[in-house]
Amino acid sequence: MKDILPGLDRVRDRFLTMLEDRKTNIASHAIAAWEADCVEDICAHLAAAQSILHQIAGSAGSLGFAALGDSARHCENEIISHLQSECAALPECPEQLILNMDMFLSSCNDILRTPA
């Protein structure tokens, strides 16, 4: 595979570097959504996390992280479903969304701890 795509290692390394930052940003948005008491703030933080998850889902699979990409896509879709539901008008963040993001972040940590 390295012979076919010689620059893939650099792209993969860049993805992992960005994953560290993206993981931190998702965690910050999840905490902020959980702690917010205003519908607009909750929705804004969830939408921001969803956007980051979308970026990860779009590239993870092609770089050898299919399970991580699937997990990101699952979280992304759960957030989208919530934001499009009537529940998004309530001033509370669903616990299940936070738990899903926490499991995703744990998967990120596992990947980032694995030697290359």
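The values are calculated or read from the model by the stated rules, or taken from the named source; none is laboratory data. Worth saying up front: this structure is predicted, and the values here are computed from it rather than measured. Here the Cβ is made from the backbone with ideal geometry for all residues, glycine too, and neighbour counts use every protein chain on show. Just the protein is used for accessible areas: all its heavy atoms, side chains included, with ligands, DNA and RNA removed. Shrake-Rupley method; radii C 1.70, N 1.55, O 1.52, S 1.80 Å.
Numbers below:
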{"read-out": "Filter pass, S107 being farther than 20 Å from A32 by Cα and either assigned to a helix (DSSP H, G or I) or out of contact with any strand residue (DSSP E or B) (no Cβ under 9 Å at 6 or more places or on another chain) (or both)", "value": "yes"}
{"read-out": "Condition met for R14 (basic (K, R) and open to solvent by less than 80 Å² (accessible area, probe 1.4 Å))", "value": "no"}
{"read-out": "Pairs, first touching a residue at least 24 places away in the same chain (Cβ under 8 Å) and open to solvent by less than 70 Å² (accessible area, probe 1.4 Å) in the range 80-100, second assigned to a helix (DSSP H, G or I) and charged (D, E, K, R), C-beta under 9 Å, six or more apart", "value": "C93/E35; L97/E78; N100/E78"}
{"read-out": "Those residues of the range 58-71 which are surrounded by fewer than 20 Cβ atoms within 10 Å (Cβ to Cβ) and small (G, A, S), in sequence order", "value": "G58, S59, G61, S62, G64, A66, A67, G69"}
{"read-out": "Within the range 57-116, tally of residues that are hydrophobic (A, V, I, L, M, F, W, C) and touching a Pro at 6+ places or on another chain (Cβ under 9 Å)", "value": "1"}
{"read-out": "Qualifying residue in the range 108-115 (condition: over 19 Å from I31 (Cα atoms), hydroxyl-bearing (S, T, Y) and either without any contact (Cβ under 8 Å) to a residue 12 or more places away in the chain or open to solvent by 20 Å² or more (accessible area, probe 1.4 Å) (or both))", "value": "yes"}
{"read-out": "Positions within the range 33-52 being open to solvent by less than 50 Å² (accessible area, probe 1.4 Å) and more than 15 Å from the chain's Cα centre (by Cα), in sequence order", "value": "A36, C38, V39, I42, C43"}
